[in-house]
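Everything below concerns the one structure shown next.
The values are calculated or read from the model by the stated rules, or taken from the named source; none is laboratory data. This one's a predicted model, so the numbers in the text were calculated from it and none came from an experiment. Note that each Cβ is placed from the backbone with ideal geometry, even for glycine, and that neighbours are counted across all protein chains shown. In case anyone asks, the SASA skips ligands and DNA or RNA and just uses the protein heavy atoms, side chains included. Shrake-Rupley method; radii C 1.70, N 1.55, O 1.52, S 1.80 Å.
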Amino acid sequence: MNEETLKGILEDEIDNAIGYLETETTESRRKAIEYYNGEEYGNEVEGRSRIVTREVAEAVDGAMPALMRVFTASEETVVFEPHGPEDVDAAEQATKMCNWVFMRDNPGISILHTMIKDALLSKTGTVKVYWKDETEVNTEKYENLSAEELALLLADEQYEVVSQDQRQIGEIPALPTPEEIALAQQTGQPPMPRMEPVFAYDVKIKKMDKKGRVVIENIPPEEFIVSKKTIQLKDSPFCAHRRLVTRSELVAMGFDKDEIYNLPSYEDLTYTPERVARYSNGEQPDDDSLDPSMQLVETFEAYIRVDYDEDGIAELRRVIYAGMNILENEEIDYLPFASICPIPLPHKFFGQSLADRTMDLQIIKSTLTRQILDNLYLTNNARVVAVDGQVNLDDLLTVTPGGVVRVKNPAAIQQLPVQAVAGQSFPMLEYMDNIQAKRTGVTEASQGLDPNILQNTTATAIAAMQNASAGKLELIARLFAETGIKDIFRNILHLLCKYQDKPRVIRLQGKFVPMDPREWDTEYDVTINVGLGTGTKQEQMAMLGMVLQKQEQIIQQYGPANPLVSVGQYRATLGKFIEAAGLKDSTRFFKEITPEIDAQLSQPAPQQQAADPAIQAYMAQMQAQIQATQAKAEADIEVKRQKAMADIAIAQEKAAADIRLKQEQFAAETRLEATKIGMNIAQGM
């Protein structure tokens with residue numbers, strides 16, 4: 001397939017993609033943002049109430065705390081399950097590393113908050129997970145360096161000289177040049193002594209440290225377009241991140257400068273209905289930069305399944321497309337996007353949001369509230385009937401406490417009766433609230449906003465009420481976990497295994513632990529530990545306290561060699577209990593138990609007497625084998641530990657020796673040359 005054919009296919013997919021033009025999805029998202037912001041509907045009447053109730057904001061913001069608590073209740077949001085016994089340690093390391101990358105190396109809380117809020121408000125929340133190579137540049141200054149030190153410094157490829165100054169600080173006797181030596185041999189006279197200057201160098205250098213990491217970033221809903229054929233994102237025939245990128249960024253990405261500066265500057269994305277609604281207060285700039293390097297170019301990072309190599313099977317390709325030009329085209333082995341939807345519809349990619357479930361209720365409640373307020377206004381300041389020519393209208397229109405209205409006839413003014421309707425309208429408002437609670441699962445009980453419902457109610461009834469109201473939110477959380485959250489962590493693991501080419505030291509529970517993704521498997525089973533049903537911190541601590549009590553009873557009654565609980569399991573429960581209390585580093589209170597120590601403590605004590613000598617001999621043989629195995633294991637561990645320490649010491653000594661060698665190399669070569677010259681002179685004379 002040639003590039004023109006690919007371009008035609010790509011343009012057709014973009015034109016027909018959901019979200020590219022003003023589709024139904026775009027309109028509903030715009031409307032949801034306006035309702036969330038409490039903007040007026042456009043049907044307001046001058047002189048009447050213009051209040052806008054905020055049911056959409058209440059539903060979305062009311063669901064956010066419960067959903068965020070679900071995904072942040074545990075230190076490990078996602079757990080990778082090993083395929084076999086040999087994968088246990090690697091899977092545990094992958095679990096810790098991927099959770100650390102999400103929560104520590106990236107702003108995990110902020111990413112989750114934005115992703116979930118986008119989904120609740122705009123149908124879907126989408127993030128992109130990709131590997132980013134970065135070069136960290138640090139400037140350093142060195143003064144009074146000798147020539148040998150300067151040569152050693154410049155031998156490191158990470159350093160680049162920015163500026164260099166030299167100044168003379170003295171003189172030393174100079175070695176004779178080859179010409180002087182040859183002349184001395186011809187004339188028989190020793191070379192004339194001379195001095196050569198000694199310089200000190202002041203240099204300013206740049207140190208470039210190249211490193212890469214996994215980057216996770218949120219994508220605004222209007223920037224993500226997807227094929228209408230998409231049901232599940234992982235099987236999508238086409239999806240793209242449509243965004244505005246400056247020419248400077250495109251050049252920094254490695255594209256040709258002349259080609260980039262010839263691209264047209266588009267700002268169509270700036271004026272999409274969703275973005276206009278989001279930045280309704282004028283935060284979005286509406287003019288292009290006068291600096292060509294900062295002008296925006298509409299760029300599509302597209303992922304399309306196409307048979308580019310014409311082998312009969314469509315492969316996934318990553319295509320960078322801007323200004324009718326294909327800037328990059330490569331085959332790729334993963335889709336970087338992960339998306340969530342709170343209320344998915346079968347056989348469709350786009351489902352419904354909480355905003356979709358509450359927008360009609362908001363306009364109904366706004367209308368009712370406006371009518372109630374208008375009725376109260378008319379009740380408190382009723383209209384009157386005045387007989388023309390018998391009332392001073394200026395006095396009548398001036399509403400002043402204690403004011404006088406001049407009339408020619410006392411019956412010239414009559415107040416129009418207004419029937420109060422607020423009492424009949426409030427039940428309707430309450431009915432609308434009940435409908436909203438049934439649709440969204442966000443109730444006053446679930447948020448703890450109405451203390452009256454808890455009066456004269458048993459604890460069991462309260463728990464049942466809260467569980468029933470939380471059912472919809474738990475379902476939403478489970479759907480989020482099994483779709484977008486899983487995809488995020490699968491991509492993190494894939495990128496770490498593919499691009500992390502050296503071990504990385506991270507801090508876990510107060511300790512610095514080396515992690516090497518090259519030893520992991522990319523096909524671990526993913527389990528989402530979202531905290532559903534784990535209860536509050538107090539409930540977790542109560543449960544762990546009960547488990548600890550049972551474990552202590554078993555160990556005290558049957559000893560460490562019982563078949564139910566080992567000392568290592570008891571120590572693990574203690575660690576979980578401390579972590580549930582909010583103290584992350586349990587090693588500050590209890591020492592860790594290695595598997596070897598746990599196995600040793602779990603060995604049954606030798607019996608004092610045996611009924612049968614054959615059994616005694618067998619038990620003695622088994623005990624000897626166990627002790628030999630333990631001794632061998634301990635010896636192997638000690639040998640490995642000593643070898644590791646020796647390797648570290650050797651590496652340190654080698655590094656120090658290399659530095660000393662480079663420092664002394666120049667001086668050694670100079671002394672050797674001087675010795676040769678002296679010998680030649682002595683032989684010539």
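Using the basic label-point model (7 angstrom from Cα toward the beta carbon), what is the Glu27 to Met68 distance in nanometres?
Taking the simple label geometry, Glu27 and Met68 are separated by 3.4 nm.
Counting only residues 5 or more places away or on other chains, whose amide H sits under 5 Å from the amide H of Ile343 once H atoms are built in the peptide plane?
Answer set, sorted by chain and number: Gln352.
Before anything else, pin down the relative contact order of region 139-252: Cα pairs under 8 Å, at least 6 apart, normalised by residue count, whole percent. Before the final figure, lay out each step's value.
Values: 129 pairs, mean separation 34.7, N = 114.
The value is 30 percent.
For Leu376, Leu327, Leu183, what's the largest-to-smallest order of accessible area, 1.4 Å probe? It would help to have the intermediate numbers written out before the result.
Details: Leu376 75, Leu327 30, Leu183 100 Å².
The ranking, largest first, comes out as Leu183, Leu376, Leu327.
Stretched out fully, how many nm does the piece from Met1 to Glu81 gain, at 0.36 nm a residue minus the Cα gap?
24.6 nm
At a threshold of 8 angstrom on Cα-Cα distance, excluding pairs fewer than six apart, so keeping six or more, what relative contact order does region 21-92 reach in percent?
On the way: 25 pairs, mean separation 14.1, N = 72.
With pairs under 8 Å counted, the relative contact order is 20 percent.
Using the Karplus curve 6.51 cos²θ - 1.76 cosθ + 1.60 with θ = phi - 60°, what ³J(HN,Hα) values do you get for each residue of region 540-548, in whole Hz, with x for Gly and Pro?
Running phi through 6.51 cos²θ - 1.76 cosθ + 1.60 with θ = phi - 60° gives 5, 5, 5, 5, 5, x, 5, 5, 4 Hz.
Using a Förster radius of 22 Å, what is the FRET efficiency between Gln232 and Ile332 based on their Cβ-Cβ separation? Nearest 0.05, please.
Working: r = 18 Å, r/R0 = 0.82.
About 0.75, to the nearest 0.05.
Heavy atoms only, probe 1.4 Å: what % of the accessible area of region 96-147 goes to carbon and sulfur, would you let me know?
Values: 1020 of 2210 Å².
Carbon-and-sulfur percentage of accessible area, whole number: 46.
Given R₀ = 41 Å, FRET efficiency for Val137-Gln168 by Cβ-Cβ distance, to 0.05? Please report the intermediate quantities before stating the final value.
Numbers: r = 32 Å, r/R0 = 0.78.
Plugging the Cβ-Cβ distance into 1/(1 + (r/R0)^6) gives 0.80.
Defining a contact as two alpha carbons under 8 Å apart and six or more residues distant in sequence, what relative contact order in percent does region 310-428 show?
Numbers: 96 pairs, mean separation 21.0, N = 119.
Once divided by the residue count of region 310-428, the mean separation gives 18 percent.
Can you work out ³J(HN,Hα) from phi for every residue in region 402-419, in order, using Karplus 6.51 cos²θ - 1.76 cosθ + 1.60 and θ = phi - 60°, giving whole Hz and x for Gly and Pro?
Values, residue by residue: x, x, 10, 10, 7, 9, 8, 9, x, 8, 6, 10, 9, 8, 6, x, 10, 7 Hz.
Give me the one-decimal nm value for the distance between modelled label points at Arg406 and Asn434, 7 Å along each residue's Cα-to-Cβ direction.
5.8
Taking only protein heavy atoms into account and a 1.4 Å probe, give the accessible area per residue of region 321-454 in Å². Display every interim value, and only then the final one.
Working: 7980 Å² over 134 residues.
Ligands and nucleic acids excluded, the result is 60 Å² per residue.
Ignoring everything but the protein chains, give the 1.4 Å probe accessible area of Met515 in square angstrom, nearest 10.
0
Arg370 accessible area, nearest 10 Å², 1.4 Å probe?
Arg370 has an accessible surface of roughly 20 Å² with all protein chains in place.
Express in Å², to the nearest 10, the accessible area of Asp311 obtained by rolling a 1.4 Å probe over the protein heavy atoms while all chains stay in place.
90
Using all C-alpha to C-alpha distances in region 295-353, build P(r) with 10 Å bins and read off the rounded percent in each one.
Here the calculated profile for region 295-353 is 19, 32, 31, 17, 0.
Non-local amide H neighbours of Phe199 (under 5 Å, H modeled in plane, Pro and chain starts lacking H): which ones?
Result for Phe199 returns Ile169.
Output the direction-averaged projected area (hull surface divided by four) of the convex hull of the alpha-carbon atoms of region 186-336, in nm². Don't jump to the answer; show the numbers that get you there.
Details: hull surface 85.5 nm².
Reported value for the Cα convex hull: 21.4 nm².
If you project the alpha carbons of region 65-130 onto the principal axes, what extent comes out on each, in Å, largest first?
Projected onto the principal axes, the Cα atoms of region 65-130 cover 45, 27, 21 Å.
Please compute the length gained on full extension between Ile506 and Tyr271, using 0.36 nm multiplied by the number of residues separating them and subtracting their Cα-Cα distance.
Numbers: separation 235, 0.36 × 235 = 84.60 nm, distance 4.34 nm.
So the chain would gain 80.3 nm between Ile506 and Tyr271.
Taking a threshold of 31 Å on the Cα-Cα distance, which of the pairs Lys348/Lys502; Lys211/Lys643; Lys207/Lys640; Lys438/Lys576 fall above it? Mind showing how you got there, number by number?
Values: Lys348/Lys502 42 Å; Lys211/Lys643 29 Å; Lys207/Lys640 36 Å; Lys438/Lys576 37 Å.
Among Lys348/Lys502; Lys211/Lys643; Lys207/Lys640; Lys438/Lys576, the Cα-Cα distance tops 31 Å for Lys348/Lys502; Lys207/Lys640; Lys438/Lys576.
If r is the Cβ-Cβ distance from Leu661 to Ile109 and R0 is 51 Å, what FRET efficiency results, to the nearest 0.05? Numbers along the way, then the final one.
Numbers: r = 50 Å, r/R0 = 0.97.
Computed FRET efficiency for Leu661 and Ile109 comes out at 0.55.
Just to make sure I understand: if all protein chains stay in place, what is the order of Ile51, Ile492 by accessible area at 1.4 Å, largest first?
Details: Ile51 65, Ile492 0 Å².
Order by accessible area, largest first: Ile51, Ile492.
Please list the non-local residues whose amide H lies under 5 Å from the amide H of Leu327, H modeled 1.01 Å from N, same-chain partners needing a gap of 5 or more.
Ile320, Tyr321, Ala322
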